[in-house]
Amino acid sequence: MKQWIQAFSIGLLTSTAVLGITYLNTESPEAEVIKESMSEQDMMDQLEQSGYRVLSNEEWAAVNAESPSPQKSDPPSPQGTTYSIDITEGTTTPEIAGKLVDAGIIEDADAFTSFMEERDYSRYIQIGQATVTSSMTLQEIAETVTSK
């Protein structure tokens, strides 16, 4: 039995040595790198053919100077939009922020969530119904939906 195990071990050792030598002596095919030089004009032409517009920094500055900066939509009326939000047990601050954004009360859910967490309002969310308007500040909305 001992001779069988020794013969088997020698066979494994020999096959491993043959595979290792073969692996080390064969060269792997190298990736073929094609370097293509393009002039700036060629690059711009190719981009324009793909549907892009190419402007220099000076042209871009001129375009930005000519066009007025985008203005926000009409400011809300002094009274603003009124929304009654239902807060159930387990409602989180991001869920409330999402509802307020959907209703048009606030513009940025992340800003409201950050405001609530930084000022520790998120721990005091009050279960029930709260009425808020778009003319309210984040502070006023936070005080309305919490018991702090």
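The values are calculated or read from the model by the stated rules, or taken from the named source; none is laboratory data. As the structure is a computational prediction, the values presented were derived from the model and not from experiment. Counting neighbours? That spans all protein chains shown, and the Cβs are built from the backbone with ideal geometry, glycine included. The accessibility values were calculated without ligands, DNA or RNA, using every heavy atom of the protein model including side chains. Shrake-Rupley method; radii C 1.70, N 1.55, O 1.52, S 1.80 Å.
Which whole-angstrom value gives the distance between the alpha carbon centres of region 96-148 and region 20-54?
Here the two parts' Cα centres lie 53 Å apart.
Taking a ≥ b ≥ c as the square roots of the Cα gyration tensor eigenvalues, with a/c under 1.5 meaning rounded and otherwise prolate when a/b beats b/c, else oblate, which class fits region 5-55?
Numbers: a/c = 10.79, a/b = 4.87, b/c = 2.22.
In terms of gyration-tensor shape, prolate.
So how far apart, in nm, are the two label points at residue 144 and residue 27 if each is 7 Å from Cα heading toward Cβ?
Between residue 144 and residue 27, the label points sit 7.6 nm apart.
For the peptides 80-90, 117-127, what is the packing order when you average, over each peptide's residues, the other Cβ atoms within 10 Å and list the highest mean first?
Numbers: 80-90: 12.2, 117-127: 14.3.
Final packing ranking: 117-127, 80-90.
Sequence gap at least 6, Cα distance under 8 Å: using those rules, report the relative contact order of the chain to the nearest whole percent.
Contact order relative to length: 20 percent.
Over all distinct Cα pairs, what is the inverse of the mean 1/r for region 9-142, reported as the Kirkwood hydrodynamic radius in Å? Could you put the intermediate results ahead of the total?
On the way: mean 1/r = 0.0449 Å⁻¹.
Computed over region 9-142, the radius equals 22.3 Å.
State the percentage of accessible surface on the chain attributable to carbon and sulfur atoms; use a 1.4 Å probe and exclude ligands, DNA and RNA. Walk me through the intermediate numbers first.
On the way: 6530 of 12220 Å².
Ligands and nucleic acids excluded, carbon and sulfur give 53 percent.
Take residue 61 and residue 129, extend 7 Å from each Cα along the Cα→Cβ direction, and tell me the distance between the two endpoints in nm.
5.9 nm
Rounded, prolate or oblate: which one fits region 102-148, using the alpha carbon gyration tensor with axes a ≥ b ≥ c (rounded when a/c is under 1.5, else prolate when a/b beats b/c, else oblate)?
On the way: a/c = 1.79, a/b = 1.15, b/c = 1.56.
It comes out oblate by the Cα gyration axes.
Leaving out ligands and nucleic acids, and using a 1.4 Å probe, what accessible area per residue does the chain come to in Å²?
Details: 12220 Å² over 148 residues.
Result: 83 Å² per residue.
Charges only on Cβ, +1 for Lys and Arg, -1 for Asp and Glu: so what's the dipole of the chain about the Cα centre, in debye to the nearest 20?
Numbers: 8 positive and 24 negative charges, 206 e Å.
That gives the chain a dipole magnitude of about 1000 debye.
Show me, for region 2-10, the HN-Hα J-couplings you get by feeding each phi into the Karplus relation (A = 6.51, B = -1.76, C = 1.60, θ = phi - 60°), rounded to Hz, glycine and proline as x.
With the stated coefficients, region 2-10 comes to 5, 5, 5, 5, 5, 5, 4, 5, 5 Hz.
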